[in-house]
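I have placed the structure first, in the form of structure tokens, so that the comments after it can refer back to it.
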Amino acid sequence: MTQPGGLARTLSHRTMLMIGLGSALGTGLFFGSGAAIGVAGPAAVVSYALGALLIAVVGLAMAEMATARPEPGSFGAAAGRYLGEWAGFVSRWCYWAASVIALGGEVVAAGAYLTYWWPGVPLVVFVALVGLTIVVINLLSVGSFGRAEAAFSTLKVTALIAFILIGLVLVLFGAPGRAATGWGNLTEHGGFLPNGLESIWLSMAIVMFAFVGVEVIPIAAAEAENPRRSVRTAMRALVARLGLFYVVAVLLIVTLNAWTATASAKGLEASPFVRAFDAVGIPAAAGVMNFVILVAALSTGNAQLYGAGRLVHSLAVDRLAPAFLARTNIKGAPIVATLVSALGLLLAVWLAETGVADAFTKLVSIATFSVLLTWLLALASYIVFRRTGDVHGSVHLPGGAAVAGVGIAGILAVMATAFKVPDMRDAALVGGLWLVVLLVGYALTRGVRRTKVTIS
């Protein structure tokens, strides 16, 4: 079934569920957790727990609006309806920028994971291959995207459960020839809070990037066969599992090894998941986990390109972007918007070729700040949405507008780390300039539309 804008409702309930389970399980957890541990030590477990609570508020608010009005543009369209057209413009372009930058980071990370097996191959070669794969998947149809995400998600979730089970066995019982690790690493090497209570707050600048991807579920509502049922099930499953998976996995990482050995705040080094298995003498398992992390990068990059393309397409449908960006192919895929959004891949190839230092960390910080602005607008839209009460969704945020207000305070607290974290400070500067560019762009777009109306 095709709807306005040319998008087709072909995503099944099962596919939506798998997209939900895997959309936020990416390199932010498998790779970025090392950087968060480097800041907060074992207390990074608390940071991920707080992040899970905050993203639950954002995700459920977005899902409630998406099930009430499953339209192209999702939370961006809602921002335009409830806060004003300017907010819809800013929200969607802001998320597009965050997705494009995050896409570049995921592709660079995926290339780095491939060098685990083939260290002699230039990184740029792997980055280009990964990028091409992601673009092809998204250009075929929404069905191809859904099937790929379902397969990726199945593998990621299965592997993460396996890691948790193996980790618990190593901690509690040990392995042949190796004694149980126990829980000593949580309090040794400087204690549970080696860098002080403030480190939990500072690490949130890194932690929140791990949860980027939850927005894919409400975005996909416009192409779901049964959006009210599928989005409700998928978001509930995601919210319930994110806290469990993230908190338990990070807890095991800082338990299996000293946090000082696990921390990897700089450079594209091996994932702490891989290090954990290497340290306990299971090299085969480390290789398998590296493959899983590679799949996670592919999956998250695939979802980022999907989300970016759909939001640009919806802007064109709403006449807030050039009309040619609304074009779709015969299967309902917004091919032009997707290709424009693939600019992040060119950025990734350039970074891989030039070897820019700490590329992944800087990409993460800029993308995080941009998506935080999107989340702020989404929660503000939700508060107005609940006050109007004109349409009811099939999933609800407990506490409604009051809890959304707490969520806004939480996001502002994360953004405030810019006063302490250099990378976040740089990201805030770039993000602030980007916001000014968007507001000027909206004013120009509105002026052009008025001119066309006057001429006609």
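Every read-out reported here was derived from the displayed coordinates using simple, explicitly stated rules and does not represent laboratory data. Values in this document were obtained by computation on a predicted structure and should not be read as measured data. So basically every Cβ, Gly included, is an ideal-geometry build from the backbone, and we count neighbours across all protein chains shown.
Dividing the convex hull volume of the Cα atoms of the chain by its residue count, what figure in Å³ per residue is obtained? Walk me through the numbers before you get to the answer.
Details: hull volume 60.5 nm³, N = 456.
Taking the convex hull of the Cα positions in the chain, it is 133 Å³ per residue.
Hydrodynamic radius of the range 72-152 by the Kirkwood approach over all distinct alpha-carbon pairs: 14.9 Å. Based on DSSP loop calls and a cut-off of at most 11 other Cβ atoms within 10 Å, the longest stretch of the chain free of exposed chymotrypsin sites (Phe, Trp or Tyr not before Pro) is what? Answer - 174-456. I'd like the distance separating the alpha-carbon centroids of the range 101-154 and the range 190-208, in whole Å. Centre-to-centre (Cα) distance: 31 Å.
Specify whether the C-alpha gyration tensor of the range 125-165 places it in the rounded, prolate or oblate class, a ≥ b ≥ c being the square roots of the eigenvalues: rounded for a/c under 1.5, otherwise prolate if a/b is larger than b/c and oblate if not. The shape class here is oblate.
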